[in-house]
Ligand code: CA2
């Protein structure tokens, strides 16, 4: 069976490339989806790319991933730093989740250095901008392969 990965993006990431390029780069979310698709083709896997500004919808998408996808790459945006609901959803789905951020959250404001996702993720990639997405695909495919 072909490996399938859900790439889930949280609030405001739909604005990428339109504002604050000095922090988040000039790449749009559509550009990132193309990067991910090219990487998925090279790896021979399937991806579904999604974005929501709503915490409950992100929870619903995580629940729906169970039995459909083999793993999740999650850039939860600002909900990373606030959402016990997302942390509980990740714990409940029994799927490997790689936490991803464009920026290095550990080198930014103190409130961004706390992640509710990190304790329930298999690992974290941050600080590499859009290039972090294909890196995260490599990481999750390798993690899933080693678990099999
Ligand atoms: O570095 C990341 O990927 C973040 O998840 C991005 C979030 C931020 O709250 C996290 O602390 C780190 C913010 C995404 C907002 O993206 C924007 C893009 C363009 C203009 C404004 C916001």
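The values are calculated or read from the model by the stated rules, or taken from the named source; none is laboratory data. Since the model is a prediction, treat every value here as computed from it, not as a measurement. We place every Cβ from the backbone using ideal geometry, glycine too, and count neighbours over all the protein chains shown.
Laid out as a table, the results:
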item	result
Residue in the stretch 123-145 that is in contact with a strand residue (DSSP E or B) (Cβ under 9 Å, 6 or more places away or on another chain), crowded, with 20+ Cβ neighbours inside 10 Å and farther than 18 Å from residue 32 by Cβ present	no
Qualifying positions in the stretch 104-119 - in a loop (DSSP other than H, G, I, E, B), within 11 Å of the ligand (Cβ to nearest atom) and farther than 16 Å from residue 132 by Cα	108, 109, 113, 114, 115, 117
The stretch 4-30: number of residues that are in a loop (DSSP other than H, G, I, E, B), within 21 Å of residue 115 (Cβ to Cβ) and modelled with pLDDT under 95	2
Among residues of the stretch 13-37, those that are near the ligand (Cβ under 10 Å from one of its atoms), closer than 15 Å to residue 134 by Cβ and touching a residue at least 60 places away in the same chain (Cβ under 8 Å), counted	1
The stretch 33-69: number of residues that are more than 22 Å from residue 94 (Cα to Cα) and either part of a helix (DSSP H, G or I) or modelled with pLDDT under 95 (or both)	11
Among residues of the stretch 38-56, those that are surrounded by 13 or more Cβ atoms within 10 Å (Cβ to Cβ) and more than 16 Å from the ligand (Cβ to nearest atom), counted	7
Residue satisfying all of: in the stretch 1-12; over 18 Å from residue 128 (Cα atoms) and within 10 Å of the ligand (Cβ to nearest atom); nearest to the chain's Cα centre (by Cα) among these	11
Within the stretch 86-103, considering residues that are away from the ligand (no atom under 11 Å from the Cβ) and not in a helix (DSSP H, G or I), the one farthest from residue 21 (Cα to Cα)	94
Odd one out for residue 97, checked against (1) without any contact (Cβ under 8 Å) to a residue 40 or more places away in the chain; (2) out of contact with any strand residue (DSSP E or B) (no Cβ under 6 Å at 6 or more places or on another chain); (3) over 18 Å from residue 25 (Cα atoms)	(2)
Pairs with Cβ under 6 Å, 6+ apart, first in the stretch 74-85 and under 16 Å from residue 16 (Cβ atoms), second near the ligand (Cβ under 7 Å from one of its atoms) and in a helix (DSSP H, G or I)	77/13
